[in-house]
Amino acid sequence: LLGGMLGDGYALINAGVGGNSAREAMARYDRDVLAKKPDLILIEFGGNNHDPGNQKRRVDDTEFKKHLADFKAKVPAGCKVVVITFPPVIDEQHAYGNNPFFPDGLDKACEPQREIVRKFAKDNSYPLVDLHRLMWDRRYEFILKDGVHLNAAGQKFFAEKVYETLKKENMLK
């Protein structure tokens, strides 16, 4: 969708892997992102850092901050970055939403890392697309019945917000 908004002259590469934790994403960062010599990186991860069934996949706040610092340290000179928060989780629809591991729900469990992402963007003067805040009041309109993945309307909204940010920040060619 974003590619269609950008038009010709842009080669988009999606290096995201659904279900990856920040640790897993950063293990692929050099190969799947930096090796492509990007002019712009959209970074959105952190939503899969809270696996209640597999402690080895969990990424705590300290490790999450380290991954963000490692990401920043490797951004190529001249490469632009847009930071994106993890969208809302509809707890009553998500498999982990009512899990005892998350007494206040998975969405609230994700919020500290969303705050880390917001601070990371601010501290580094990176534009932020705060999907959580932008979608919260319309989450039932934008999120599939699984409570976490974006439906077609959510994907369109996401692409539009990224495009608006790129345009506003003069990041387009």
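Keeping every protein chain present and rolling a 1.4 Å probe, give me the accessible area per residue for the stretch 1-101 in Å². If you can, show how the numbers build up before the last one.
Working: 5640 Å² over 101 residues.
Per residue, the stretch 1-101 has 56 Å² of solvent-accessible surface.
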Listed by chain and number, the lysines with an alpha carbon less than 19 angstrom from that of Lys119, same-chain partners under 8 positions apart left out, are Lys65, Lys66, Lys72, Lys74, Lys80, Lys108
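Probe radius 1.4 Å, ligands and nucleic acids ignored: give me the carbon and sulfur share of the accessible area of the stretch 70-125 as a rounded percent.
Working: 1470 of 2760 Å².
Result for the stretch 70-125: 53 percent of the exposed heavy-atom area is carbon or sulfur.
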Computed for the chain: size of charge dipole around the Cα centre, +1 on C-beta of each Lys and Arg, -1 on C-beta of each Asp and Glu, debye to nearest 20, value 540
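Of the GluC sites (Glu not before Pro) in the stretch 1-102, which ones lie in a loop per DSSP and count no more than 10 other C-beta atoms within 10 Å? Can you show the working numbers first?
Numbers: sites: Glu24, Glu44, Glu63, Glu92; in loops: Glu44, Glu92.
Those that pass, being in a loop and sparsely packed, are Glu92.
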For the stretch 52-145 the mean separation of alpha carbon contacts under 8 Å (6+ apart) over residue count, i.e. relative contact order in percent, is 35
Partner aspartates and glutamates whose C-alpha sits under 20 Å from that of Lys161, ignoring same-chain residues fewer than 8 away, are Asp8, Asp39, Glu44, Glu115, Asp130, Asp137, Glu141, Glu169
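The values are calculated or read from the model by the stated rules, or taken from the named source; none is laboratory data. Computed from a predicted model, the values in this text were never measured in an experiment. Neighbour counts are summed over all protein chains in view; Cβ atoms, including those assigned to glycine, are modelled from backbone coordinates with ideal geometry. Heavy atoms of the whole protein, side chains included, go into the accessibility calculation; ligands, DNA and RNA do not. Shrake-Rupley method; radii C 1.70, N 1.55, O 1.52, S 1.80 Å.
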